[in-house]
1. Kindly indicate the residue of the stretch 58-70 that is in contact with a strand residue (DSSP E or B) (Cβ under 9 Å, 6 or more places away or on another chain) and either polar (S, T, N, Q) or at pLDDT 95 or above (or both) and also surrounded by the fewest Cβ atoms within 10 Å (Cβ to Cβ) among those meeting that condition.
2. Has the stretch 89-111 got any residue that is outside any helix (DSSP H, G or I), loosely packed, with under 12 Cβ neighbours inside 10 Å, among the hydrophobic types (A, V, I, L, M, F, W, C) and outside the structural domain of ARG13 (by TED's automatic domain parsing)?
3. Checking the condition closer than 20 Å to GLY137 by Cα and surrounded by fewer than 19 Cβ atoms within 10 Å (Cβ to Cβ), which residue from ARG126, ARG80, ARG48, ARG12 passes?
4. If I go through the stretch 112-123 residue by residue, how many of them are touching a helix residue (DSSP H, G or I) at 6+ places or on another chain (Cβ under 9 Å) and surrounded by fewer than 12 Cβ atoms within 10 Å (Cβ to Cβ)?
5. Are any residues in the stretch 120-133 under 20 Å from ALA103 (Cα atoms) and in a loop (DSSP other than H, G, I, E, B), and if so, which ones?
6. If you go through the stretch 36-74 one residue at a time, how many are among the polar types (S, T, N, Q), more than 12 Å from TYR16 (Cα to Cα) and touching a Leu at 6+ places or on another chain (Cβ under 7 Å)?
7. Mind checking which pairs have a first residue in the stretch 40-55 that is in the same structural domain as PRO11 (by TED's automatic domain parsing) and a second that is small (Gly, Ala, Ser) and part of a helix (DSSP H, G or I), Cβ under 6 Å, 6 or more apart or different chains?
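The values are calculated or read from the model by the stated rules, or taken from the named source; none is laboratory data. What you see is a predicted model, and the numbers here were worked out from it, not measured in a lab. Cβ coordinates were reconstructed from backbone atoms using ideal geometry, including for glycine residues, and neighbour counts include every protein chain displayed.
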Amino acid sequence: MKESGGRALTPRRMEYLKFLLERDGPVTNADLAARFGVDPSTSTKTVRVLVEAGLVEHAPYRGIALSERGRRCAEFLMRRHRLLALAFARLGMEPATACEQAAKCEARIPRDVVNTICATLGHPSRSICGAIASDQGCCARREE
């Protein structure tokens with residue numbers, strides 16, 4: 001995943017996007033700082049970078065939320081995490097370990113590999129850590 005300007009998203013910024021997707025509505029900077037165990041000034045800097053990348057919208061006194069582009073990005077990030085966690089679980093890992101290991105390596109897995117994993121697993125709709133959203137570029141083929 002890339003920010004504007006071609007820079008790759010850092011794992012921490014990816015986690016911010018996934019958190020915003022899970023919350024499904026505006027959050028405060030204090031919410032982000034508490035969730036990630038950082039000083040509010042640190043979360044403010046991260047939000048600023050995500051706003052500059054067009055992934056997040058920040059309206060003072062209204063909160064921080066995903067932009068449409070940010071939502072699409074976060075949905076892919078969540079799908080990738082959940083597919084990897086499911087794949088690891090099916091290989092015999094305990095669910096908590098599978099989720100933890102998916103978080104450690106997911107940033108390096110490109111979309112085409114995610115789609116291959118999805119197809120190999122039979123286009124699952126659930127993972128050990130939640131629902132898996134369909135992807136038009138991958139899962140639409142199963143309905144043909």
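1. So, considering only residues that are in contact with a strand residue (DSSP E or B) (Cβ under 9 Å, 6 or more places away or on another chain) and either polar (S, T, N, Q) or at pLDDT 95 or above (or both), the one surrounded by the fewest Cβ atoms within 10 Å (Cβ to Cβ) is SER67.
2. yes
3. Within the list ARG126, ARG80, ARG48, ARG12, the selection yields ARG126.
4. Total satisfying the criteria: 2.
5. Within the stretch 120-133, LEU121, PRO124, SER125, ILE128, CYS129, ILE132, ALA133 qualify.
6. 1
7. Short answer, once both residue conditions are applied: PRO40/ALA33; SER43/ALA33; ALA53/SER4; GLY54/SER4; LEU55/GLY70.
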